[in-house]
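The values are calculated or read from the model by the stated rules, or taken from the named source; none is laboratory data. Please read these numbers as outputs of a predicted model, since none were measured by experiment. With ideal geometry, Cβ positions are generated from the backbone for all residues, glycine too; neighbour counts draw on all protein chains shown.
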Amino acid sequence: MERDRITALTYFLRFLAGNPDGDAATRAMVLGALAPVHISAGQVYAHNGADSLELVGNFGYDDEEAAAFRALPTTLPLPVCDTFNSMRAIVVAMGQLTHDYPFLEASQHDATEAAHNAPGTHMICVPVINSGVPIGAMSLQRETELEWTSDEWQYLDGVTAAVGMWLNNQRSILVDRWRRTAPVPHREVRISDRQRQILELIGNDRTNGEIAKELGYSIPTIKKDLQSIMRILGTQDRRATAGRAREIGLLPERRIRD
């Protein structure tokens, strides 16, 4: 391993030993530990005992986007959720990101559109694992072509292991701190008015025929819109679609009947 990588990782470990807050640790990771492999931005998510990932550290990502994607159900069709669930690294070219993950296109902020489509830029998501158990995930950006050797991937594993030890010891503190200091989250999934109406009726257990009759469209049109909604939300059936829509606030929670 090159001397500058050893030095960068050593200083990063010393910094983490002081239990810094998440944003400071992520800044040190991007500008220090991962500088030898040319990472330009990073986020650290923690799995805090629920079926969701919570952002605990951000550096280099737009503040509005960081706030919008602060808390993520692990079932969301997003690269950082996929890498957490699969426990393997996922690399996606930014120009391909919204094609592979339509949910991002539907909820994408105008401020980050240029970054998502920047030529040569890649998103690299890696799981954070401690004692063989996934405890979080990291989302990284690299603004140049990704042509890493096995040595670079091993180096990233070393940095991730360091983050894992720090995150395992500080998870609850980091989650609480980021909740109190982060910008107010706001994420709006962009679907058409007709798709929103269809989604609401699906949430009320209406059939395609009933929806078509109520809204005045053909059944094929309803099916086509439903398929588009499922593609955006990454679901395969009506029940999962309604459930995912409730998770992200597109539908209100179902009331429990007395």
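See the values below:
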| read-out | value |
| --- | --- |
| Count of residues meeting criterion [of a type in the set (Gly, Ala, Ser), in contact with an Asp or Glu (Cβ under 6 Å, 6 or more places away or on another chain) and modelled with pLDDT of 90 or more] in the range 50-100 | 1 |
| Residue that is modelled with the highest pLDDT, among those in the range 151-203 that are over 30 Å from residue 241 (Cβ atoms), hydroxyl-bearing (Ser, Thr, Tyr) and surrounded by fewer than 14 Cβ atoms within 10 Å (Cβ to Cβ) | 172 |
| Which numbered condition residue 28 fails, given (1) at pLDDT 95 or above; (2) within 14 Å of residue 136 (Cβ to Cβ) | (2) |
| Which numbered condition residue 108 fails, given (1) in a helix (DSSP H, G or I); (2) under 25 Å from residue 235 (Cα atoms); (3) modelled with pLDDT under 80 | (1) |
| Residues being in a loop (DSSP other than H, G, I, E, B) and of a type in the set (Asp, Glu) - total across the range 82-100 | 0 |
| Residue selected from the range 229-244 under the condition buried (at least 16 other Cβ atoms within 10 Å of the Cβ) and among the polar types (S, T, N, Q), by the criterion modelled with the lowest pLDDT | 235 |
| Residues of the range 143-162 satisfying the condition of being of a type in the set (Val, Ile, Thr) and in contact with a Ser or Thr (Cβ under 9 Å, 6 or more places away or on another chain) | 144 |
| Scope the range 55-88; condition free of Cβ contacts under 8 Å to residues at least 60 places away in the same chain and of a type in the set (A, V, I, L, M, F, W, C); matching residues | 59, 72, 78, 80, 81, 84, 87 |
| The range 58-81, subset assigned to a helix (DSSP H, G or I), of a type in the set (A, V, I, L, M, F, W, C) and touching a strand residue (DSSP E or B) at 6+ places or on another chain (Cβ under 7 Å), residue surrounded by the fewest Cβ atoms within 10 Å (Cβ to Cβ) | 66 |
| Residue identified as on the phi > 0 side of the Ramachandran plot and among the aliphatic types (A, V, I, L, M) among 87, 94 | 87 |
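A quick yes/no check of all residues on (1) farther than 17 Å from residue 161 by Cα; (2) in contact with a Ser or Thr (Cβ under 6 Å, 6 or more places away or on another chain); (3) at pLDDT 95 or above:
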{"site": "3", "(1), (2), (3)": "yes, no, no"}
{"site": "9", "(1), (2), (3)": "no, no, no"}
{"site": "18", "(1), (2), (3)": "no, no, no"}
{"site": "21", "(1), (2), (3)": "yes, no, no"}
{"site": "40", "(1), (2), (3)": "yes, no, no"}
{"site": "45", "(1), (2), (3)": "no, no, yes"}
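Yes/no matrix, rows are residues, columns are (1) in a helix (DSSP H, G or I); (2) surrounded by fewer than 21 Cβ atoms within 10 Å (Cβ to Cβ); (3) free of Cβ contacts under 8 Å to residues at least 40 places away in the same chain; (4) not assigned by TED's automatic domain parsing to the domain that holds residue 138:
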| position | (1), (2), (3), (4) |
| --- | --- |
| 8 | yes, no, yes, no |
| 14 | yes, yes, yes, no |
| 19 | no, yes, no, no |
| 31 | yes, yes, yes, no |
| 42 | no, no, no, no |
| 49 | no, yes, yes, no |
| 53 | no, no, no, no |
